[in-house]
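Undergrad: Below is one structure. I have some questions about it.
The values are calculated or read from the model by the stated rules, or taken from the named source; none is laboratory data. From a predicted model like this one, the values you see are computed outputs, not experimental measurements. FYI the Cβ positions are ideal-geometry reconstructions off the backbone, even for glycines, and counts take in every protein chain you see.
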């Protein structure tokens with residue numbers, strides 16, 4: 001029997017310090033370590049938006065690594 005693989009997406013469990021504060025026009029969320037900041041109308045939206053920003057940041061880093069690996073292999 002031939003082995004086969006299954007491709008699944010996984011969500012990493014990362015604990016990063018995020019700061020949230022309320023300003024006159026909404027909530028600000030930041031992950032200072034990575035230089036990420038979002039602005040949203042509610043706390044819940046700010047939390048969701050900073051999580052999305054973190055995911056996009058990680059995808060960008062992984063994309064750069066894959067591109068670098070391809071260049072070294074060529």
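Undergrad: What residue, of 55, 35, 63, is at positive phi and either at pLDDT below 90 or out of contact with any strand residue (DSSP E or B) (no Cβ under 8 Å at 6 or more places or on another chain) (or both)?
TA: Details: 55 fails: at positive phi; 63 fails: at positive phi.
Matching residue, one of 55, 35, 63: 35.
Undergrad: Filter region 26-51 down to the residues that are under 15 Å from residue 15 (Cβ atoms) and touching a residue at least 24 places away in the same chain (Cβ under 8 Å), then identify the one that is surrounded by the most Cβ atoms within 10 Å (Cβ to Cβ).
TA: Among residues in region 26-51 that are under 15 Å from residue 15 (Cβ atoms) and touching a residue at least 24 places away in the same chain (Cβ under 8 Å), the one surrounded by the most Cβ atoms within 10 Å (Cβ to Cβ) is 50.
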